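First up is the structure itself, then whatever we jot down about it.
The values are calculated or read from the model by the stated rules, or taken from the named source; none is laboratory data. Because the structure is a prediction, the values reported are computed rather than measured. Glycine also receives a Cβ, built like all others from the backbone with ideal geometry; neighbour counts cover every protein chain displayed.
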């Protein structure tokens, strides 16, 4: 067997680390706090200074792929993102519904709330699909992805939360067209790509998944 290709002795899964946090310092307080950590991992050379890393404390996020099962349509939307504009000049991103889980709020409740805010339609049911870390080298942001069952005929051309000065432009998109755009590399939003990749793998059994796992919203 080639070097480095051996299977792990235990389950192939994320594990708790043997780490000692020595100090936490708040570098900047904002919508997302910016903190610095000093720590040691088990096995570190004690003669060397502790390791230091900076982390953006983003916390939990619910992301939602709204889908109309009868019409075989997904609801995507355009929304301006400054980070994308700064990165590559294409700030008018195609996205799925997503938002921050508030203190004391469950991810499922956040998913329902954000769906109503961003596409102005309440889901009839939600299916939790997966949880993943968006950029663990930089942030503690943990995204829980949901499938939302909706009636696409009720989706307006403009939506968003006025209180947050948020403007979204929802789009009814046939599943095949969304997956073709994904394959063409036309969209770069992370949660959108993860959601559509899941859809590409599971589109043939959507009805069974919803029937078995849906929670009434």
Worksheet item: When region 151-187 is examined, which residues are found to be more than 22 Å from residue 116 (Cβ to Cβ) and in contact with a helix residue (DSSP H, G or I) (Cβ under 7 Å, 6 or more places away or on another chain)?
Response: 175, 179, 182, 187
Item to complete: Run down 40, 53, 72 and say which single residue is surrounded by 13 or more Cβ atoms within 10 Å (Cβ to Cβ) and outside the structural domain of residue 166 (by TED's automatic domain parsing).
Response: 40
Worksheet, complete the sentence: residue 137 fails exactly one of (1) under 26 Å from residue 102 (Cα atoms); (2) buried (at least 16 other Cβ atoms within 10 Å of the Cβ), namely (2)
Item to complete: For region 8-66, please list each of the strands (runs of 3 or more DSSP E) lying entirely inside it that holds at least 1 residues being under 28 Å from residue 96 (Cβ atoms) and at pLDDT 95 or above.
Response: 33-41, 51-57
Fill in: Selection status of residue 145, in contact with a strand residue (DSSP E or B) (Cβ under 6 Å, 6 or more places away or on another chain) and surrounded by 13 or more Cβ atoms within 10 Å (Cβ to Cβ)
yes
Item to complete: Consider residue 111 carefully, then state whether it is part of a strand (DSSP E or B), within 13 Å of the chain's Cα centre (by Cα) and buried (at least 19 other Cβ atoms within 10 Å of the Cβ).
Response: no
Practice prompt. Would you confirm whether any residue within region 7-21 is in contact (Cβ under 8 Å) with a residue 24 or more places away in the chain and loosely packed, with under 11 Cβ neighbours inside 10 Å?
Written response: yes
Worksheet entry | Check on residue 196, in the same structural domain as residue 84 (by TED's automatic domain parsing), under 29 Å from residue 56 (Cα atoms), in a helix (DSSP H, G or I) and touching a helix residue (DSSP H, G or I) at 6+ places or on another chain (Cβ under 7 Å) | yes
Fill in: Criterion violated by residue 151 - all others in (1) surrounded by 13 or more Cβ atoms within 10 Å (Cβ to Cβ); (2) in contact (Cβ under 8 Å) with a residue 12 or more places away in the chain; (3) within 23 Å of residue 80 (Cα to Cα) satisfied
(3)
Worksheet entry | Which numbered condition residue 182 fails, given (1) closer than 23 Å to residue 83 by Cβ; (2) in contact with a strand residue (DSSP E or B) (Cβ under 8 Å, 6 or more places away or on another chain) | (2)
Discussion item. Is it the case, given these coordinates, that residue 171 is at pLDDT 95 or above, under 16 Å from residue 95 (Cα atoms), assigned by TED's automatic domain parsing to the domain that holds residue 122 and part of a strand (DSSP E or B)?
Written reply: yes
Item to complete: Being in a loop (DSSP other than H, G, I, E, B), farther than 18 Å from residue 167 by Cβ and more than 13 Å from the chain's Cα centre (by Cα) is the filter here, so list the residues in region 78-108 that pass it.
Response: 89, 102, 103, 104, 105, 106
